[in-house]
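These notes concern the structure reproduced below.
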2 protein chains.
Amino acid sequence: MTARLEAQIAFLREADKLKTVLRASRLIDGSRRENSAEHSWHIMLYALVLADQAGPEVRIDRVLRMLLLHDLVEIDAGDAPIHGQVDHAAMAAKEQAAADRLFALLPGDQAEAFRALWDEFEAAKTPDAVFAKSIDRLQTPVANLVNGGGTWTDYQVTLDQLDDRIGIPVRRGAPDVWRWLRPHLAAFFKTAGASDRQADM
Amino acid sequence: MTARLEAQIAFLREADKLKTVLRASRLIDGSRRENSAEHSWHIMLYALVLADQAGPEVRIDRVLRMLLLHDLVEIDAGDAPIHGQVDHAAMAAKEQAAADRLFALLPGDQAEAFRALWDEFEAAKTPDAVFAKSIDRLQTPVANLVNGGGTWTDYQVTLDQLDDRIGIPVRRGAPDVWRWLRPHLAAFFKTAGASDRQADM
C-alpha cells in the first residue's frame, strides 16, 4: 500500500511542472501568457458548461478525465502553438516518449488506464475524444476575441486559417458552437482588416 | 439557443480571472506563488490518482466536478490562506456573495446545479464532499515537504497546528493518506527545529 501511494505521490509531484509550461495564448486580461495547467482547468470548465453541445453518445465525465490528462506530456515535450511552425512528426515522437516516461511513474494499473485515455484523446476518433478535442480548440479564440487578437496577431493568422485549424475540429465535436463563433470571428477579422488598411494610409 | 450559449460563454470568460488569484502556496520548484486555477487542476489530478483512497460510497466523478468549481468564488473573495489570520464569518459572507454573482451568469438550470454542488462541497457533510475537502488539503503539504517548508516557514506553522488544520480533514476523507503523510511531516519539523536551534547558536 505504501509503495503504491509513494508512486502516486511521485507522479503528482512531477505533474506540478505543467504549471511552468507556457502556451502561446494569453489570459483574457492580457497580463501574461497562460500555462498548460490553468488552461487544462479552464477547458474542463468549458466541457462541463458546454456539455449540452455534445452528442447523446458523449460521456462527459470521461471527457473531463481526458482533458485533465491531455497536456501532461507537455512537461517533457513543451507546447506546440497551433499557429506556429511545428514539425508534427518530431513533436508526436516527443509526446509519445513523454507519455512513456510520465505515466510509468504511476502504479501499473493506473499507468495503463491513464495512457489508454490519453491515446484515445490523441487519436480523436471516439465521440468522447472528438468532443474533448473540439473543446480544447475553443478557449483561445474566445479569449482572443476580447483581448485584441492575441495569438492571431502574434502569428498573423487569417480567417481562412482559422476555418481550417479551429473550424474543422470545433464543427466536428460541437457544431452549434462553431455556428455561433464563426460570425464573431468574421466580424473581428473584418474590423482588424479595416484598421490594418487605416494604418497603411 | 444563442442566448443560452452567450450566457455560458460569458461565465467561461469571467472564470478566466481565477488564473490571477494567487494563493499563499508556491510551486514545487519555488519559482512563484501558485494561482487558484492551476491549483484546481492539480487537485483534480490528486483526486483521480488517489481515488482508491476514497470510501466505496464516494463517486469520484462528482468529486472532480466539485473540485473543478470549488475555488471560483475566489474571483471575488480572494484566497484565504489556511495558516493566515482570517475573519471566517466575513470570508464566508464574501464567498456567498461571490457564488450568488458568478453562478447567476449561467443559464438557470446550470446556475442551480453548479451552486448546489458548491454548497455541498462547502458543507463538507456528504462522502463526496468529505473526500474532496481532504484532497484539497493535501497538495500544499506535499509541495512544502520538497520546497523547504513553503507556507509553513512563511506563517511559522507548528506540527500541532498541521495536525489540526491538515490532519483532521485529511484523516476524515483519506485516512491512509494521513497515516503516510504524518511521519513525513514529523521528520520535516524535527529537522527544521534542529536547524532553527543551529541558527540560534
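The values are calculated or read from the model by the stated rules, or taken from the named source; none is laboratory data. The structure displayed is predicted, hence computed values, not measured ones. Cβ coordinates were reconstructed from backbone atoms using ideal geometry, including for glycine residues, and neighbour counts include every protein chain displayed. Accessible surface areas use protein heavy atoms only, side chains included; no ligands, DNA or RNA. Shrake-Rupley method; radii C 1.70, N 1.55, O 1.52, S 1.80 Å.
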Is it fair to say A:PRO56 is more than 14 Å from chain B (Cβ to nearest Cβ) and in contact with a strand residue (DSSP E or B) (Cβ under 8 Å, 6 or more places away or on another chain)? no
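Scanning the range A:136-159 for residues that are of a type outside the set (D, E, K, R) and open to solvent by 70 Å² or more (accessible area, probe 1.4 Å), which turns out nearest to A:ARG23 (Cα to Cα)? Break it down stepwise before answering.
Here is the first cut: in the range A:136-159, the ones of a type outside the set (D, E, K, R) are A:138-153, A:155-159.
Among the residues that remain, those that are also open to solvent by 70 Å² or more (accessible area, probe 1.4 Å) are: A:146, A:153, A:155-156.
Numbers: A:VAL146: 18, A:THR153: 15, A:TYR155: 13, A:GLN156: 17 Å.
In this case the residue turns out to be A:TYR155.
Would you please name the residue that is farthest from the other protein chains (Cβ to nearest Cβ), looking only at residues in the range A:133-165 that are assigned to a helix (DSSP H, G or I) and within 11 Å of the chain's Cα centre (by Cα)? Talk me through it step by step, then tell me what you get.
At the first step, the residues of the range A:133-165 found to be assigned to a helix (DSSP H, G or I) are A:133-136, A:139-146, A:151-154, A:159-165.
After this cut, where a residue has to be within 11 Å of the chain's Cα centre (by Cα) as well, the list is A:133-136, A:139-140.
Details: A:LYS133: 17, A:SER134: 14, A:ILE135: 11, A:ASP136: 14, A:GLN139: 8, A:THR140: 11 Å.
My answer is A:LYS133.
Tell me whether the range B:122-135 contains one or more residues that are touching a Ser or Thr at 6+ places or on another chain (Cβ under 6 Å) and open to solvent by 20 Å² or more (accessible area, probe 1.4 Å). Lay out the reasoning, then the answer.
If we filter the range B:122-135 for residues that are touching a Ser or Thr at 6+ places or on another chain (Cβ under 6 Å), which is where we start, we get none.
Looking through the range B:122-135, none of the residues is touching a Ser or Thr at 6+ places or on another chain (Cβ under 6 Å) and open to solvent by 20 Å² or more (accessible area, probe 1.4 Å).
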Regarding B:ASP128, is this residue more than 19 Å from the chain's Cα centre (by Cα), modelled with pLDDT of 95 or more and among the acidic types (Asp, Glu)? no
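So, of the residues in the range B:114-132 that are aliphatic (A, V, I, L, M) and part of a helix (DSSP H, G or I), which turns out to be farthest from B:ILE82 (Cα to Cα)?
In the first step, residues of the range B:114-132 are kept if they are aliphatic (A, V, I, L, M); the result is B:116-117, B:123-124, B:129-130, B:132.
Next, only the ones that are part of a helix (DSSP H, G or I) stay: B:116-117, B:123, B:129-130, B:132.
Values: B:ALA116: 24, B:LEU117: 22, B:ALA123: 17, B:ALA129: 18, B:VAL130: 17, B:ALA132: 16 Å.
If we take residues in the range B:114-132 being aliphatic (A, V, I, L, M) and part of a helix (DSSP H, G or I), then B:ALA116 is farthest from B:ILE82 (Cα to Cα).
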